[in-house]
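A quick write-up on the structure given underneath.
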Amino acid sequence: MAVGKKDISAPPYVEGRELELEDFEEKKVTYVEDYPDIRYQFTAGQAISKFLNGLKEGKILATKCNKCRRVMVPPRTFCELCFKPADEWVEVRDTGTVETFSISYIDPDAKPLDEPEIVAVISIDGASPKMGILHKLGEIEPDRVYIGMKVKAVWKPESEREGMITDIKYWKPLEVE
Amino acid sequence: MVRVAVVGAGYSGFNANSPDLSWKEITYEAAVRAYEDAGINPRRDIDAVVTCAEDFWEGFAIFDEFCPDQLGGVLKPTFTVTADFLFGLANGVMLIKSGLAEIAVVEAHSKASDILTFGNVVKFAYDPVWLRPVGRGHPFYLAALEKSYYSNLRGYCDYTYAEVVAKNRKNGRLNPDAPYSADLTADDVLSSEPLFYPLRKLEIAERSDGAVVFVLAKGDIARELNPEPVWIDGVGWNSETSNYDTMSFTAVYAMKAAEMAYDMAGIENPAKEIDVAEVDDRFAYKEVQHIEALKLAKAGEVDELLESGYFGRKGEIPVNVSGGSLSVGNLLEATGAQKALEIVLQLRGEAGRRQVDAEIGVAQVWRYLPTATGAVAVFSR
Amino acid sequence: MVFNEKITNPAELRHVQGRIELYWIYTSGEAGDVFFKKLRDEGKFTASKCRKCGHVFFPPRIYCEFDFSETEYMEISGEGCVLAFSVISYDSDGNRLEKPEIYALIGMDGTDGKIIHLLGEIEPENIETGMKVVPVLKPKDQREGKITDILYFKPVS
Amino acid sequence: MVERVRGIKFHKKQDVAIVGAGITLFRRRLNETGKELSYYAVKQALEEAGLDISDIEMVVMGSAPDAFDGVHMKGEYLLDGSGGSNKPYMRFFVGGGTGVFAPIAGYWHVASGLADVCLVVTEEKMSSSHPHPQSAFKYIWDPILDRPLNPNLIWIFALEMRRYMHVHNIKHEDIALVSVKNKANALDHPSAQLAAKITVEDVLNSEPMSLPVRRLDVSPPSDGASALIMVAPHIARQLTDEPVWVDGVGWALDTTWWTNRDLYFPRYVAEAAKMAYKMAHVTDPRKEIDVAEPYDPFDYKELHHMEGLGLARKGEAPILTREGVTARDGDLPVCPSGGLLGVGNPIAATMGVKVAELYWQLSYRAGKRQVAREVTTGVTQAWGDLMQVGTVVVLSNKR
């Protein structure tokens, strides 16, 4: 089979053809566009349905595993560490601590934002330590945010809540109250 | 030589939809049953977890993120194969033979009911430059073309495919997990509308939800866990090409995959040695192709054998005694899982009212439109 | 026990809609660019031939998928014969098409390759496999260098 | 229930060697289709190994999300250009970790005895995805709990980086040194997309993306492919006197609930490294590893991963970097290829600057990029998903 190994090192086999955006705009290269209509209806399931319904009522619900004693947010039907069903539902508080944060200047499509937004992992009071969720911070200047800051959820008015994570508009510093 | 066995199998049941459970919960249910069946504690005992999923069946960009928790695989060697369960099974076998694992878990699931635009997702797999922009028709046109090409080549008529549908949908009536089972005749099939001429609606498997989990173990450990495990004697997989211009349209992929699996299993005369087979029948003509490819019948002779009941539940080689995908539903990447599960249940003697007498069984799957890729696994007791 | 409790009121089960809001721009690639420019500018068809095994690929590619040798381009007529066809009544969303579309697998003359495209100017009942067909292109000023520059294939009259 | 399930003993059927590698240019936009890019990479690897495509028994494909190339089941789409026609072919996927995971899958294809010659191909064509390659990452998030917040991929890096800096009191200046080093190293890589001489100030003054992450902390989206040929010992002997051996492989996937973990330390990398080192009989990585190619899509990630790999104590990696230990002529060269920061980041195709680079370094054929010190053992690693997966390979030129 073998003809023996060649002594070559790392050059690309051929130069590729690099394109600039103008090549598309000026039709120097042929291409096809596609805008497929691809949609899903995600089943929330047992735990997340209950969690979302709780948000609609202005509550944050967690589940507890009696084996490892963790109170888990977001809630789940089973404890992934003990591999057993979660034992009970617990309502936790709508206050928490900033575990880490970022000041984002770009939107999901990497376009610049007019106003930077502050995103954070917030561990929830009443849940086990480090049990956090991803959310946004508001009513605070970006340079005043720090890790360890206490925050409180700012809810949408009850009539506007739809049982989504966005029923919490953002979290604001607790001491401002 | 290291042998590999199935020591645990669990599944969630197969349903046309499952509005109450998320894919994580369905999988967890199957996993709990599999671990109970194997008598192991996943958090302590498993060395590797293989999951099988495709992003766009799930609605994600990187779906494998969502795999470890419900399988007890957190912080364990867990990974995803973007292929059917039988490909995952092949990896489980390789992991054990290469010494990377002694107990490995393989999982696949379908949450097909979450997909709102199934046709568009299938079409999204078509070559974006050469094929996808052609026409507005439903992507099943490719299956229709293949059926037409293959029938002309072999001289099979539509009655043969209608018989496949009738056989499988009737078989499904003895399977409590076959939501599409029905008492149908070949004439009922032939009189249904050819929506994708020459393909009729009743020749196409509808979609289903469900999850399957297998626990595999290295020979000596398998015997400790279960004195009579089901052995995986051979696995094989093959791809013809991704281009429609070089495809055979005669399931050569399945033939080569079967040759690889038979070779590993030491099977020389499949038609004599194999007692039961579950083959991919997500389009009725595919079952006929796959029976030929698995060498259970000679090319061009499947029609007569079908008519004589050779592949029936009480026939010489029962094929799709579970009801196949035509009864159970298209389980996407878990299709091969349902087929392997049926073989394992049959070999264990746990197939209930549809039990057949079998010592060696084969499961085969195709990777659905638009591919010419498939896998085969041979099991024995 | 798999779960400790389950929701009994179906109205409390939640589903969340999701849509993939991306779009994609695909380059035709090296071989594709040669083919589509030739089609757009001159209305001509290109295939590619393996320098080693002689297999003539259509659609053309820069490599032979069997022996991984390089290929060379060659001009072909664009005509072919119908190997298989299907008549499709529904679109990919499952809605009935106002007029069924006829898809055909066409063996391309002078090549070992095929194309899948639409058939036109013929009724389904008159189609036969083995039938000779020729491509019908968009007028030159409307061609964009895409597969849809071929409107359909029609029977030789 | 079994009384005691024994630990893994690595009773493999046969050893595994690497005998050839290939890489394409890494560029923001290439005209070639993903199939054509894969073909280029495979062709180079075959040529280097002195093999023909017909010698290849099985093919392993690694490619990250379908949302980049824009083809559902893209493994199937790419198979002919990857040499998979009429062969057993499979695609593996652990998000960003795929670049080092694909060769791990190649390893067990050979080690299990199912194949003697296995081709591993990785490909990514990110430029197809619009409005921006980053947009594809919107769909990596939980569809119910996270996607409604309109997240950007950079968020997770920023959150992890901030936590890492906070716990160890690390300054951005120290992290920026990684970007400076790697982009300069890339000047010697013929495939490089963003090779440059830059300074720490350039990084700190670059455009803010999602603070603390700035433009020059980040590797660029890219198109590209790479390939690797893995063979059994009896094949390796026929081809070369100096094969590079796969001594250890390891991988681990952490929980999906990433907001429930402390992000300052990559446990998933540590677990994966533990598995690989155990298999390779490496007990003191800092002493025994001569060259490292940890995954560096962001500059802090190189440091983070060095700590996960045990090449530095927790919080020590920035100090080693400042002292020049990780430079190409240092005591522990890290990312001599130029890494993702310098060469480019076509997600899975970064196998070409990770595993392939280590292979070239250990066979002393990395040309201008060859590290100054003598090398026998090297480690490479990738990372992916929602800060979840670590994939580790240990290579050695001694058997």
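Quantify how strongly other chains surround peptide A:164-170 by giving the mean number of their Cβ atoms within 10 Å of each of its Cβ atoms.
Rounded to a whole number, the mean comes out at 3.
In whole Å, what is the distance between the alpha-carbon centres of segment B:313-367 and segment C:17-46?
So the two Cα centres are separated by 43 Å.
Calculated from DSSP H runs of 4 or more alone, at -39500 (n - 2.57) each and per residue, what is the 222 nm mean residue ellipticity of chain D, nearest 500?
Estimated from H runs of four or more residues: -9000 deg cm²/dmol.
Based solely on its DSSP helices, what 222 nm [θ] is calculated for chain B when runs of n ≥ 4 H residues each add -39,500 (n - 2.57) and the sum is averaged over all residues, nearest 500 deg cm²/dmol?
The per-residue figure over chain B is -10000 deg cm²/dmol.
How well do other chains shield peptide C:102-114, expressed as the mean number of their Cβ atoms within 10 Å of each residue Cβ?
Other-chain Cβ atoms within 10 Å of each residue's Cβ, averaged: 3.
Lysines within cross-link reach of C:Lys138: Cα-Cα under 29 Å, excluding same-chain residues under 8 positions apart?
Cα-Cα hits under 29 Å: A:Lys27, A:Lys28, B:Lys123, C:Lys37, C:Lys38, C:Lys44, C:Lys49, C:Lys99, C:Lys114, C:Lys146, C:Lys154, D:Lys35.
Arrange the peptides D:227-240, D:188-201, B:230-243, B:182-195 so that the one whose residues have, on average, the most other Cβ atoms within 10 Å appears first.
B:230-243, D:227-240, D:188-201, B:182-195
Of all trypsin sites (Lys or Arg not before Pro) in segment B:267-364, which ones are in loop regions per DSSP and have a Cβ with at most 15 other Cβ atoms within 10 Å?
Qualifying residues, ordered by number: B:Lys298, B:Lys314.
For the protein assembly as shown, what is the convex hull volume of its Cα atoms per residue in Å³?
157 Å³
Sum up the charges of everything whose Cβ sits under 15 Å from the Cβ of C:Phe66, counting Lys and Arg as +1 and Asp and Glu as -1, but leave C:Phe66 out.
Here the count lands on -1.
Which lysines does D:Lys12 reach when only Cα atoms under 19 Å apart count, and residues fewer than 8 places away in its own chain are ignored?
Straight-line reach from D:Lys12, under 19 Å: B:Lys97, B:Lys218, D:Lys274, D:Lys278, D:Lys398.
Over chain A, what relative contact order in percent results from Cα pairs under 8 Å that are six or more residues apart?
18 percent
Write out the cysteines belonging to chain A for which the nearest other cysteine Cβ is not under 4.7 Å, or none if no such cysteine exists.
Unpaired cysteines in chain A: A:Cys68.
Could you work out how far the C-alpha centroid of segment A:38-93 sits from that of segment D:47-113, in angstrom?
Cα centres, segment A:38-93 to segment D:47-113: 38 Å.
In the structure shown, do any of B:Lys24/B:Lys76; D:Lys43/D:Lys87; A:Lys156/D:Lys138 have a Cα-Cα gap over 19 Å, and if so which?
Beyond 19 Å: A:Lys156/D:Lys138.
Using Cα positions and a limit of under 22 Å, work out the lysines in reach of A:Lys150, with same-chain residues fewer than 8 apart set aside.
Correct list for A:Lys150: A:Lys59, A:Lys130, A:Lys136, A:Lys169, A:Lys172.
Rounded to the nearest 5, what % of the DSSP beta bridges within chain D are antiparallel ones?
About 70 percent, rounded to the nearest 5.
Go ahead and estimate [θ] at 222 nm for chain C from helices alone: -39,500 (n - 2.57) per DSSP H run with n ≥ 4, summed, over the residue count, rounded to 500.
Computed mean residue ellipticity for chain C: -3000 deg cm²/dmol.
Using a 10 Å cut-off around each Cβ, can you sort C:Met131, C:Met74, A:Met131 from fewest to most neighbouring Cβ atoms?
By the 10 Å Cβ count, ascending: C:Met74, C:Met131, A:Met131.
Using alpha-carbon positions, what is the distance between the centroids of segment C:95-157 and segment D:193-242, in Å?
46 Å
Hey, got the average number of other protein chain Cβ atoms within 10 angstrom for residues in C:55-66?
Partner Cβ neighbours, averaged per residue: 6.
What number, in percent, do you get for the relative contact order of chain B if the mean sequence gap of Cα pairs under 8 Å and at least 6 apart is divided by its residue count?
Worked out over chain B, it gives 24 percent.
For an R0 of 25 angstrom, estimate the FRET efficiency from the Cβ-Cβ distance between C:Glu125 and B:Lys201 and round to the nearest 0.05.
0.75
What is the angle, in °, between the Cα long axis of helix C:29-42 and the longest principal axis of the Cα atoms in chain C? Nearest 10 is fine, range 0 to 90.
On a 0 to 90 degree scale, this one is about 60.
All of the numbers you see were taken from the coordinates with simple rules; none came from a lab. From a predicted model like this one, the values you see are computed outputs, not experimental measurements. Because the Cβ atoms are built from the backbone with ideal geometry, glycine has one as well, and the counts that use them run over all protein chains shown.
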